[in-house]
Amino acid sequence: MASIALMLAAAAAPAGAAGIATGQTLGVGDVRCTDYVQSDNGVRLTGFFTNGTGEWTVLRSSAVGGAETVVFSAAAGSPSGAQTPIDRTVAPTAPGTFVYRACVVAKKIMKYSVFSITHYQMLLTSTSPTAVTDLGPETATLSTSATACGDRTAVTPGTTVRLAGTGTGRTQWFISVTGNTNNYEGNWAALLTTTDGGIDQTVALDPEITEVTACAVGFVTTGRITVSYELSIVS
């Protein structure tokens with residue numbers, strides 16, 4: 001089942017869509033949160049939820065990992081299963097600079113045969129000239145075969161990247177090739193490995209690769225795992 005989730009996740013968003021968080025084959029109760037955006041004028045949440053229903057939230061805190069306040073919530077998806085967009089600007093409710101992140105939780109899902117076809121895409125941005133993005137890790141709580149993919153990272157020839165993360169159970173980790181030149185003839189996954197928890201691995205990318213994203217897949221047979229991970233450029 002996980003291999004199907006991997007193929008779906010690879011096609012979840014167009015190449016070049018830096019900062020977009022995507023996920024596939026969600027189970028009921030699965031949760032996905034973006035990394036943080038630092039802003040002094042609020043944030044904007046855009047994206048969609050398809051083939052299920054759930055809830056969007058935007059959370060605010062004083063620092064990455066700090067105590068959070070919910071500053072926005074709304075229903076996600078629709079009972080019909082139609083792709084339902086979200087486009088909401090969350091104005092600041094207090095003066096000063098804060099960090100924000102967005103989350104979505106799946107409450108009802110649709111299936112094709114035994115596979116969930118519920119998926120989402122979300123992007124959190126700020127118009128502030130002093131905004132800082134890509135702070136902290138990507139996080140998710142995932143059931144079997146559910147996938148969470150993070151920011152698209154542009155790379156140059158000869159780049160080495162590092163995927164570091166934690167997991168509370170068996171997890172499949174992969175670095176997906178989301179951009180390449182016409183000369184690239186390699187696999188779409190620059191890294192594909194399964195661990196019983198976390199990962200800390202560096203990968204020297206093929207010179208023809210122009211963009212990658214890191215993903216985690218729930219590989220447990222029952223229950224859920226919680227993952228936290230980040231893809232960074234080493235050199």
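The values are calculated or read from the model by the stated rules, or taken from the named source; none is laboratory data. None of the values given here were measured: they were computed from a predicted structure. Cβ atoms come from the backbone with ideal geometry, glycine included; neighbour counts cover every protein chain shown. Ligands, DNA and RNA are stripped out before the accessible areas are found, and what is left, the full protein with its side chains, is counted by its heavy atoms. Shrake-Rupley method; radii C 1.70, N 1.55, O 1.52, S 1.80 Å.
Charging the Cβ of each Asp and Glu at -1 and of each Lys and Arg at +1, and nothing else, the dipole of the chain about its Cα centre rounds to 700 debye.
Within the assembled protein chains, the solvent-accessible surface assigned to residue 89 is about 100 Å², based on a 1.4 Å probe.
Here is the result for the range 150-235: no trypsin sites (Lys or Arg not before Pro) lie in DSSP coil with at most 10 other C-beta atoms within 10 angstrom of their C-beta. Under a Gaussian network description of the chain, with springs only between Cα atoms under 10 Å, the residue in 198, 165, 65 that fluctuates furthest is 65. Computed log10 I(q)/I(0) for the range 62-131 at 0.22, 0.26 Å⁻¹: -1.09, -1.38, from the Debye equation with unit scatterers placed on every C-alpha and solvent omitted. Once you reduce the range 133-162 and the range 185-235 to the center of their Cα atoms, the two points are 7 Å from each other.
With only the Cα atoms considered, the chain has a convex hull volume of 122 Å³ per residue.
Structure remark: mean-square fluctuation, Gaussian network model of the chain, C-alpha springs under 10 Å; the largest value among 139, 118, 193 belongs to 193.
Counting only Cβ charges, +1 for Lys and Arg and -1 for Asp and Glu, the dipole size of the range 141-227 around its Cα centre is about 340 debye.
The convex hull built on the alpha-carbon positions of the range 25-111 has an orientation-averaged projected area of 5.5 nm².
Taking 19 Å as the cut-off, the amide N atoms of the range 38-61 that come nearer than this to a point 7 Å along the Cα-to-beta-carbon line of residue 93 belong to 38-46, 55-61.
Which of rounded, prolate, oblate describes the range 123-235, given a ≥ b ≥ c as roots of the alpha-carbon gyration tensor eigenvalues and a/c under 1.5 marking rounded, otherwise prolate only if a/b is larger than b/c? Oblate is the answer for the range 123-235, as a/c is 1.5 or above yet b/c matches or exceeds a/b. Under 5 Å between amide hydrogens, built in the peptide plane, is the criterion, and for residue 72 it picks out 58 among residues at least 5 positions away or on other chains.
Over the chain, accessible surface divided per residue gives 44 Å², non-protein components excluded, 1.4 Å probe. Considering only 141, 29, 198, and ranking their Cα positions along the charge dipole of the chain that arises from unit charges at the beta-carbon of Lys, Arg, Asp and Glu, the one farthest toward the positive end is 29. Rank 35, 196, 151 by mean-square fluctuation in a GNM of the chain with C-alpha springs under 10 angstrom and give only the top-ranked residue. It is 196. Shown here: the range 179-235, whose C-alpha atoms stretch 42, 23, 14 Å along the first, second and third principal axes, sorted largest to smallest. For the range 137-235, relative contact order (Cα pairs under 8 Å, six or more residues apart, normalised by length) works out to 49 percent. The relative contact order of the chain, computed from alpha carbon pairs under 8 Å that lie at least 6 residues apart in sequence, is 26 percent.
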